[in-house]
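Only the coordinates and a few stated rules stand behind these numbers; no lab work does. Treat the numbers as computed from the prediction; the structure is a model and nothing was measured. Here the Cβ positions follow ideal geometry from the backbone for every residue, glycine too, while neighbour counts run over all protein chains shown.
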Amino acid sequence: MTSIFFPSGELAPNGIFKVGERSWDVTGHLESFRVAELWELDSDAVVKIPPLHCMLGLKIIAWDTRHEMYFDKDAEDFHKLLEAGVRIVEEIIFDSE
């Protein structure tokens, strides 16, 4: 049995989860988890991966929230997600021809 905890509601007012001096913007995490798909990596490992549009949304939120510290990394990650989306669309187009 696996338990997964997503801080929300009273634990994360306005989407901000705080522990001591640290805080995380968890806006959209629960919603992304709800629509994530299970992917079996091997017989002992299964992960839930949110759809691409959710990952893009979460990256925009992260980029906005921590822009001073991780601006370049979040921009690069967003670019990689966009490239992945283009490859997926290209595969769909070429497979349908």
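Annotations for the structure displayed:
- The phi-based Karplus calculation (6.51 cos²θ - 1.76 cosθ + 1.60; θ = phi - 60°) puts the 3J(HN,Hα) values of the stretch 30-43 at 5, 5, 5, 5, 4, 9, 5, 9, 7, 10, 8, 7, 7, 5 Hz, whole numbers, x for Gly and Pro.
- In plain terms, the residue of Ser23, Ser8, Ser32, Ser43 with the fewest other Cβ atoms within 10 Å comes first and the most crowded comes last, giving Ser43, Ser23, Ser8, Ser32.
- Under the convention that each Lys and Arg Cβ holds +1 and each Asp and Glu Cβ holds -1, the size of the dipole of the chain around its Cα centre is about 460 debye.
- Within the straight-line cut-off of under 20 Å between alpha carbons, the aspartates and glutamates reachable from Lys73 are Asp25, Asp64, Glu83, sequence neighbours fewer than 8 places apart in one chain being disregarded.
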